[in-house]
Structures are given as structure tokens and as C-alpha cells.
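The numbers here are math on the coordinates, done by the rules we state, and not lab data. These numbers come from a predicted model, not from an experiment. Backbone-built Cβ (ideal geometry, glycine too); neighbour counts: all protein chains shown.
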Amino acid sequence: MISAGLMNTLQVTVLVLVAAGATVVVRTRSRIRQVLALSVYGMLLAILFLVFQAPDVTLSELTVGAIALPIILLLAIAKVRKREQ
Amino acid sequence: MTARQRLWFFAIAAAGLVACLLWAFTGLPGFGNYPGPYGQEILRQAVAQTHATGVVSAINFEYRGFDTVGEEFILFTAAAGMSVVLRRLRKERQTEPVDEAKTRTIPATSSAVRIAALLLVGPTAVLGWWLASHAQTSPSGGFQGGVILASAFILIYLAGEFLTFRRLSPVALLDAVEAAGAGGFVAIGLAAIAMNLPFLDNYLPLGQYPGAISSSGTIALISFFVGIEVAAAFTAIIGELLEQTLLRSA
């Protein structure tokens, strides 16, 4: 078993990482880079849920936040770009 | 209002918000403390009642199965709405992409990407299938498994090209699978009513012991139907969007 102290350290670390990740997503202005940052942020959220002992939510967040949403956004950007040309 | 006044206005409002939030936080239960009765009660009873060691699935597909039916149809409606909004209009036609900046060099998809994507297709499909069919014994389920199964199709697009992706996932087949998945879930629930039981009651044999792959009755079956529904819906949505990038207004 992982000791309670280590678990708390892990939880705090992941919370800080998630806050930092969210800031990076908002501060990124380039569209493509923002989507990639969002994907990494989804990954961080997945780790957060895992650390807080919700493996089922981890799987959902991993599939939707790190895979499905970025792909849909990338395709939407590709479509809009085409119209701009 | 000058910039200075606006700043003061914001400062006062922000201070008020912070004060209210801090006051509210003091009334919250302790960190990681869950005061409600349901969680403990379900943890005590779920495995014996449903023979599903994946208690989350037992909750999703049994205790609150009715809510999950509603959630299932959110995705179904989203995919249907997407096909309606993104349908090919009369003035749109598919054209070969024309290079409008001829001096620009477009990097070809590297062999590394193609091979890596190709190698991942099989394991991804197996993982998705495993997750969708093991809801009763693990914290997975049809939803997660379905999305991963759909991403196997996206890998095919990355490894090959759009035509291969389309040939492997024809729209008519996707629509049929999606409808079968969503309809199967409801049919399982309605079958219970036909047997004079409540909607979505678990009427299948629960299996000999909890944790076996054949255990948990309708929970495993519902997860399977959710899995194929979600996989088809996501593949349809991605395919629809991919097609959009190839369409242009005439």
C-alpha cells in the first residue's frame, strides 16, 4: 500500500500540474498548438482522476479528452482553414 | 466609466466573490469525506446483488440504468444531428484538392507515422473490444471501449488514406450498428417489462460467482450494446468531419 503522506503529495502535485496545464491551454494563441496543449491537458486530467481513485473516469477522460475531442477540433480547424483560403 | 473606475468596480466585486467563496468553503465536508449514505450502502451490497466486481458498471447499467439510457441517447442524437447538419448540400460537390500555393511543399506522411499507426490498429481494436466486454469485472465499460474501438478506425485513416477508412466503415453499416446498439439497450429494458418486471430489471442468470466473465446478467450485455453504439457513433462523427474537409462549396 502507498502511504497516506505520499498519496497526499501525489494529489497536490497533480492538482498543481492540472492548474498549470489549464493556464497553458488558455495562454496558447496558435490554434493547432492550443489543440495539442488541450490534448496534453486531457492526459493530465486523466492522471488526476487516477490519483483520486476513479479509474473508470480516468478511462473516459483519456478517450474523450486526449483522443476524441482533439481530433474533432483538428478536423474543424482544417475545414475552417480551407474556407479562409 | 473611466478605466480607473472600472478597475475599482472589479476590485470590489472580486473581493466580494472571494469572501463569499471562502465562507462557502468552510461549510464543505472535509477533503475526501463523503457523508452520503448511498455510496457505502452500494459498496456493501453491489457485488452480492449483481455478481459484478466492476461496481461502477453495476451502478451505471443496473442501479441507475434508466439514467444511462438517457445518456446513451445524448450521443445517439449528437451523431444524428451531426449527419443532418453536415449533410451534403445541393450546391456542394466533392472536388480534387487543388494546390493554390504551388511554391509550398507539403510534407508527405512519413513512413514512420504510417507504420506506427498500422502497428497500433490491432492492439487498439483488441483493447477497445476487451474494455467493452469486461465491464462486469473491471472499471471499464462500453463507453470507454467504444471510443477506443473508434480510434482504431482513425488510426487506419492515419496509416492509409481516407478511401480505405471509408471502405472499412461504410455509412450505412455505421448507422445500422449505431441503431442496433442504442436499440439493443432499450430492448433489454423492455424485455423486462414483457416479463412483468421493472424496466431494465436484471433478469438474466447472474452466473455462479462474482468476477467471472459470464457473470452479472444484463450488465455485461448492456455494456456490449453501449460499446458498439459508441464505436459506431464516434466513427460516424469523425468520418463525417473528415468528409467535410474534402468538400467545398461550388
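Yes or no, residue by residue, for (1) surrounded by fewer than 14 Cβ atoms within 10 Å (Cβ to Cβ); (2) away from chain A (no Cβ under 14 Å); (3) in a helix (DSSP H, G or I):
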residue: B:Arg166; (1), (2), (3): no, yes, yes
residue: B:Leu174; (1), (2), (3): no, yes, yes
residue: B:Ala180; (1), (2), (3): no, yes, yes
residue: B:Val186; (1), (2), (3): no, yes, yes
residue: B:Pro210; (1), (2), (3): no, yes, no
residue: B:Ala220; (1), (2), (3): no, yes, yes
residue: B:Ala236; (1), (2), (3): no, no, yes
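Against the numbered list (1) of a type outside the set (Asp, Glu); (2) under 30 Å from A:Leu75 (Cα atoms); (3) touching a Leu at 6+ places or on another chain (Cβ under 6 Å), B:Gly81 comes up short only at (3).
Considering A:Val51, A:Val40, A:Val16, A:Val35, the condition of being more than 11 Å from chain B (Cβ to nearest Cβ), β-branched (Val, Ile, Thr) and more than 29 Å from B:Gly145 (Cβ to Cβ) is satisfied by A:Val16 alone. Note on the stretch A:26-59: residues that are in contact with a Phe, Trp or Tyr (Cβ under 6 Å, 6 or more places away or on another chain) and crowded, with 19+ Cβ neighbours inside 10 Å total 1. Evaluate the stretch B:240-247: report whether one residue or more is under 15 Å from the mean Cα position of the chain (by Cα), within 14 Å of another protein chain (Cβ to nearest Cβ) and hydroxyl-bearing (Ser, Thr, Tyr). Taking every residue of the stretch B:240-247 in turn, none turns out to be under 15 Å from the mean Cα position of the chain (by Cα), within 14 Å of another protein chain (Cβ to nearest Cβ) and hydroxyl-bearing (Ser, Thr, Tyr). Restricting the stretch B:137-150 to residues that are at the interface with chain A (Cβ under 8 Å from one of its Cβ atoms) and surrounded by 24 or more Cβ atoms within 10 Å (Cβ to Cβ) leaves a set whose member that is farthest from the chain's Cα centre (by Cα) is B:Ser140.
Checking B:Leu241, B:Leu200 one by one, the residue that is among the hydrophobic types (A, V, I, L, M, F, W, C), surrounded by 14 or more Cβ atoms within 10 Å (Cβ to Cβ) and outside any helix (DSSP H, G or I) is B:Leu200 and no other.
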